[in-house]
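Trainee: This structure is in structure tokens; I'll ask about it shortly.
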Amino acid sequence: MILKLLEKLGRKKTVFDRGPSHPEYSKAKPWLNRYYLLFRHRPKWFPFNIIIHEMLDDDHGEGVHNHLCPYITIIIRDGYWETTRKGKFWRKPGYIGFRSANHFHRVDLKPETKPMTIFVPGPFGLRKGPRSEYGIDFKTKKN
């Protein structure tokens, strides 16, 4: 019910698995639905936001990603597999993860599920290094 209300209020955004600058953008498909509980466009000076993510598909490609800022994720529905440099872990509902902006990971879903999380991104400007790396070898890469 709250998600339908947020959608009617213009606080839903469907994120695709690749952006318009990607060479195969014509093959883009929905990756997650993002519902903004606090700011639709957070000011850079504000230290956090509160977002609901409804995941529709695995992270795209073979690589891992990090985020623009440190964040907290709280799984509220279904769960997912998270691969980090320490291995692959099942993250069930109720899991709370605290991550730095430099934490590389990837998320894979169980078939026929749409995990949902409360995502709380923190302050901008704390990430060091590149945004994403594809084909990363966690044995040689530190994060």
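Trainee: Say whether the condition of being in a loop (DSSP other than H, G, I, E, B), surrounded by fewer than 18 Cβ atoms within 10 Å (Cβ to Cβ) and among the small types (Gly, Ala, Ser) is met by at least one residue in region 93-114. Let's see the steps before the verdict.
Mentor: We begin by selecting, within region 93-114, every residue in a loop (DSSP other than H, G, I, E, B); these are 93-95, 100-104, 109-114.
Applying the additional criterion that residues be surrounded by fewer than 18 Cβ atoms within 10 Å (Cβ to Cβ) yields 93-95, 100, 102, 109-114.
Among the residues that remain, those that are also among the small types (Gly, Ala, Ser) are: 94, 100.
Yes, that holds for at least one residue.
Trainee: Related question: Give all pairs with beta carbons closer than 7 Å in which a residue from region 41-56 that is touching a residue at least 12 places away in the same chain (Cβ under 8 Å) and under 18 Å from THR73 (Cα atoms) meets a residue that is basic (Lys, Arg) and part of a loop (DSSP other than H, G, I, E, B); count only pairs at least 6 apart in sequence or on separate chains.
Mentor: What qualifies is ASN49/ARG42; GLU54/LYS114; MET55/LYS114; LEU56/LYS114.
Trainee: Looking at region 76-92, which of its residues are under 19 Å from MET116 (Cβ atoms) and part of a loop (DSSP other than H, G, I, E, B)?
Mentor: ASP78, GLY79, LYS92 - these are the residues of region 76-92 that are under 19 Å from MET116 (Cβ atoms) and part of a loop (DSSP other than H, G, I, E, B).
Trainee: A further question follows. Run THR73 past the list (1) more than 26 Å from GLU112 (Cβ to Cβ); (2) of a type in the set (S, T, N, Q); (3) not in a loop (DSSP other than H, G, I, E, B) and report the number of the one that doesn't hold.
Mentor: Failed condition: (1).
Trainee: Mind telling me which of the residues LYS27, LYS13, LYS4, LYS44 ends up being in contact with a Lys or Arg (Cβ under 6 Å, 6 or more places away or on another chain) and surrounded by fewer than 16 Cβ atoms within 10 Å (Cβ to Cβ)? Talk me through it step by step, then tell me what you get.
Mentor: Working: LYS27 fails: in contact with a Lys or Arg (Cβ under 6 Å, 6 or more places away or on another chain); LYS4 fails: in contact with a Lys or Arg (Cβ under 6 Å, 6 or more places away or on another chain); LYS44 fails: in contact with a Lys or Arg (Cβ under 6 Å, 6 or more places away or on another chain).
Every option except LYS13 fails the conditions.
Trainee: Further question: Considering LEU32, LEU5, which residue is aliphatic (A, V, I, L, M) and either more than 30 Å from GLY87 (Cα to Cα) or in a loop (DSSP other than H, G, I, E, B) (or both)?
Mentor: Matching residue, one of LEU32, LEU5: LEU5.
Trainee: Here's something else I'd like to know. Would you mention how many residues in region 59-92 are at pLDDT below 95, loosely packed, with under 15 Cβ neighbours inside 10 Å and more than 19 Å from PRO47 (Cβ to Cβ)?
Mentor: 6
Trainee: Return a yes/no flag: does region 116-132 have any residue that is more than 21 Å from LYS44 (Cα to Cα), at pLDDT 95 or above and within 11 Å of the chain's Cα centre (by Cα).
Mentor: Yes: one or more hits.
The values are calculated or read from the model by the stated rules, or taken from the named source; none is laboratory data. Predicted model only: the values in this text are computed from it and were never measured. Backbone-built Cβ (ideal geometry, glycine too); neighbour counts: all protein chains shown.
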